[in-house]
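Note sheet for the following structure.
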Amino acid sequence: MTSIAQRQELQNKIWKIANDVRGSVDGWDFKQFVLGTLFYRFISENFTSYIEGGDEGVNYANYLDKDITPEIKDDAIKTKGYFIYPSQLFVNVAKTANTNPNLNTDLKAIFDAIESSANGYPSEPDIKGLFADFDTTSTRLGNTVESKNSTLAKVLKGIEELDFGNFEDNEIDLFGDAYEFLISNYAANAGKSGGEFFTPQHVSKLIAQLAMHKQEKVNKILDIAAGSGSLLLQAKKHFDNHIIEEGFYGQEINPTTYNLARMNMFLHNINYDKFHIVLGDTLLNPQFGNEKPFDAIVSNPPYSINWIGSDDPTLINDDRFAPAGVLAPKSKADFAFVLHALSYLSSKGRAAIVCFPGIFYRGGAEQKIRKYLVDNNFVESVISVAPNLFFGTSIGVTLLVLSKNKTENQTQFIDASGEAFFKKATNNNVLTDEHIDKIMELFDRKEDMPHVAKSVDNEIIAENDYNLSVSSYVDAKDNREKINIAELNEEVSKTVAKINTLRADIDNIIKEIEA
């Protein structure tokens with residue numbers, strides 16, 4: 001099945017499930033149950049595949065729980081990070097979902113058991129709380145046990161009907177595509193946020209390629225505001241034939257999205273010992289200080305949010321912010337994220353960060369931080385991209401690429417906001433592979449192109465008050481029709497002469513009539 005067909009089948013199936021439970025579950029809450037069920041099915045099948053080891057004579061789903069020895073369980077948890085008994089597998093639960101009067105409590109017990117199976121093992125922090133947002137006893141599913149069970153059964157049976165073969169063999173990003181579909185259909189309608197937790201896959205692909213351009217291998221990759229993990233996973237795809245030696249790191253402040261990010265790692269066959277996703281405030285409680293430095297950093301942090309800033313006098317001495325000599329404004333934390341990322345970057349690596357355009361030209365503390373970045377030659381490229389690429393915001397954001405190993409004392413500016421760099425779509429604009437390739441070629445060559453790209457000496461940027469706005473250095477193309485004034489004047493003269501002749505003829509005709 002082609003990727004287009006798989007994606008369409010997935011969307012049709014989610015829409016069918018939504019129609020089946022319409023009125024029972026709020027649209028945005030519905031997302032948790034669909035994604036949670038997809039994840040439950042995936043880890044069940046993935047675990048089954050591990051236990052069976054490719055032996056077609058073994059059918060783990062038909063085993064009895066009592067047949068599992070402590071040695072089998074212990075070995076599986078050490079390898080996979082968790083354990084699922086045969087009776088707890090998705091396939092066995094879905095089989096009786098319509099007739100099980102205890103479905104909601106059985107599911108809760110299964111999820112608790114899967115999480116607790118990791119207790120005391122190295123994988124415990126990676127498994128704990130994975131199903132926290134899949135609350136099978138929630139009143140969001142219904143007010144009675146019967147209504148809860150009915151809703152859960154519809155979701156389980158709907159996900160059961162998906163026929164993509166092995167998850168790993170899919171042509172699409174199952175979880176990412178499901179999340180994008182749910183966001184585009186529910187977040188806006190429900191008036192709730194969600195898009196800020198997810199960077200569309202096509203944008204993630206560009207950011208990942210920018211961060212890892214021409215690096216044959218990286219020690220590890222970090223997302224300082226990981227969201228659902230989409231940026232890290234695009235890095236994995238980009239590096240399929242290469243090596244990310246020590247794994248994937250991310251910090252996320254939102255508990256629900258933190259759980260989604262961990263689920264996403266498992267869904268993409270990244271084992272628990274290869275990812276390190278933690279919960280917490282990146283700016284005020286950074287978790288990876290001992291892991292520095294990172295060869296690749298990708299991030300789409302929240303735009304212009306409030307933070308404590310100068311209200312905490314100790315922050316100016318923090319080694320992330322101290323070199324700039326000033327803190328990001330309390331009402332605009334954007335540059336706090338930028339400086340945080342820069343402090344974690346290795347001497348050979350790159351950071352690619354999605355930024356709100358205003359930080360590149362505003363004055364005050366933000367100007368002083370730009371001065372620090374430019375004077376130390378950390379800014380490799382500033383790239384403006386098309387509007388309406390993200391869920392929840394129509395603005396055209398700017399991508400900031402930081403590097404600590406630049407040899408040229410110049411900064412590159414790319415205007416990739418024109419129609420040659422995106423495809424118009426119904427809900428959001430899209431970057432195709434062709435558009436990404438165009439941007440990457442400009443980024444790689446560092447050659448000037450009229451109205452599109454320009455490399456500027458840092459001295460000139462300093463003279464321009466450290467303005468880093470792309471439009472300040474790349475002139476927009478004048479699409480107005482060019483008019484030849486000399487030709488126009490000649491045409492006007494001919495027209496006036498014709499009018500005068502016509503008037504004379506009319507006067508003569510009138511004289512003849514009056515005579």
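The values are calculated or read from the model by the stated rules, or taken from the named source; none is laboratory data. Note that the coordinates shown come from a computational prediction; the quantities given were computed from them, not determined experimentally. Neighbour counts run over all protein chains shown; Cβ positions are idealised from the backbone, glycine included. Areas reflect the complete protein model, heavy atoms only, side chains present, ligands, DNA and RNA absent. Shrake-Rupley method; radii C 1.70, N 1.55, O 1.52, S 1.80 Å.
Rounded to the nearest 10 degrees, what's the angle between the helix 334-344 long axis and the longest principal axis of the chain, both from Cα atoms, 0 to 90?
For helix 334-344, the angle is close to 60 degrees.
Hey, got the Cα dimensions of segment 409-462 along the principal axes, in Å, largest first?
Sorted from largest, the Cα extents of segment 409-462 read 43, 20, 16 Å.
Where a Cα-Cα gap under 13 Å defines reach, which aspartates and glutamates qualify for LYS332, not counting those fewer than 8 residues away within the same chain?
Reachable aspartates and glutamates: GLU366.
Suppose we take every Cα in segment 1-138 and form the convex hull; what volume per residue is that in Å³?
In segment 1-138, the Cα hull volume divided by residue count equals 147 Å³.
If each Cα of segment 89-139 is one equal point scatterer, what is log10 of I(q)/I(0) from the Debye formula at q = 0.26, 0.29 Å⁻¹?
With one equal scatterer per Cα and no solvent, log10 I(q)/I(0) is -1.00, -1.10.
Give me the orientation-averaged projected area of the Cα convex hull of segment 311-418, in nm², one decimal. Before the final figure, lay out each step's value.
On the way: hull surface 29.6 nm².
With the hull built on Cα positions only, its mean projection is 7.4 nm².
Of the heavy-atom accessible surface of segment 363-515 (probe 1.4 angstrom), what whole percent is carbon and sulfur?
49 percent
Tell me, what are the semi-axes, in whole angstrom and largest first, of the equivalent ellipsoid of segment 395-515 as set by the roots of 5 times the Cα gyration tensor eigenvalues?
On the way: eigenvalues 643, 82, 28 Å².
Computed over segment 395-515, the values are 57, 20, 12 Å.
Kindly flag which residue pairs out of LYS217/LYS454; LYS214/LYS404; LYS217/LYS237; LYS330/LYS368; LYS214/LYS406 have an alpha-carbon separation exceeding 18 Å in this structure.
Over 18 Å Cα-Cα: LYS217/LYS454.
Tell me the angle of helix 485-514 to the major Cα principal axis of the chain, expressed in degrees between 0 and 90 and rounded to the nearest ten.
For helix 485-514, the angle is close to 60 degrees.
Based on the alpha carbons, how large is the Rg to Rh ratio for the chain when Rh follows Kirkwood?
Reported Rg/Rh (Cα atoms, Kirkwood Rh): 1.13.
Let me know the whole percent of all Cα-Cα pairs from segment 372-441 that are separated by more than 14 Å.
62 percent
Expressed as an acute angle from 0 to 90° and rounded to the nearest 10, what is the orientation of the C-alpha long axis of helix 145-160 relative to the principal long axis of the chain?
70 degrees
Once the convex hull of the alpha carbons of segment 215-350 is built, what does its volume come to per residue, in cubic angstrom?
98 Å³
Which loop trypsin sites (Lys or Arg not before Pro) in segment 408-472, with loop taken from DSSP, have no more than 11 other Cβ atoms within 10 angstrom of their Cβ?
Hits after loop and neighbour filter: LYS424.
Give me the 1.4 Å probe accessible area per residue for the chain, excluding ligands and nucleic acids, in Å².
I get 46 Å² per residue for the chain.
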